[in-house]
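Note sheet for the following structure.
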Amino acid sequence: MNAKLKSSIYKTIIFFPLLLYFGKRSYIAYDEGFYALQAKWMLQNNNWVVPVWWDQFVLDRTVGIQFLIAKCQQIFGETSFVAHLPTTIASILMLVLTYKMHQELIGRKDAIFSALILATTYIWL
C-alpha cells in the first residue's frame, strides 16, 4: 500500500466518531431544539429575518443557525436528520480546519490526533 493511500485512510478515520454520535441525537440536548423550533416557525410564518418565540420577537441572538436549519428543511423536507444536517456539516468542516491548523502551526507529525480528540469529545456534536 503506498504512502498517499495510507495517509488518506488515516485522515478519513477522524469522521467515524461523528457517525457514532449522529444516530443518538435528540432535540433535548443543548439549544438545538430551540433552533429547530424557531426554524419551523420561520417556515410556517415565512419570516426569515427576525426570530420569534411563541409569536414574540426575540432579538437576543442572530438567526444564522435557524436560517440554515430552515433552508435545509425547505429543500430536503422536515425530518430530524435534516434538522441536524447544518451542524454536522459545520462539525466536519471544523475537524478539517483543526487538522490543517495543527499541520500549519505545529507540524505534520501527529496532526490527525488533534482532529480525533475533537471528534471524540462527547459534547462536540
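The values are calculated or read from the model by the stated rules, or taken from the named source; none is laboratory data. Small disclaimer: the values here were computed from a predicted structure and weren't measured. As a convention, Cβ positions derive from the backbone with ideal geometry for all residues, glycine included, and neighbour counts pool all protein chains shown.
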Pairs returned, first residue in region 46-63 that is without any contact (Cβ under 8 Å) to a residue 24 or more places away in the chain and closer than 21 Å to Q74 by Cβ, second residue that is assigned to a loop (DSSP other than H, G, I, E, B) and hydrophobic (A, V, I, L, M, F, W, C), beta-carbon separation under 6 angstrom, 6 or more apart or interchain, are P51/V58; P51/V63
List the helices (runs of 4 or more DSSP H) inside region 44-125, counting only whole elements, that have at least 2 residues being modelled with pLDDT of 90 or more.
64-76, 80-105
Applying the selection to region 98-113, what residues are among the aliphatic types (A, V, I, L, M), within 16 Å of T12 (Cα to Cα) and either touching a residue at least 40 places away in the same chain (Cβ under 8 Å) or loosely packed, with under 12 Cβ neighbours inside 10 Å (or both)?
I112
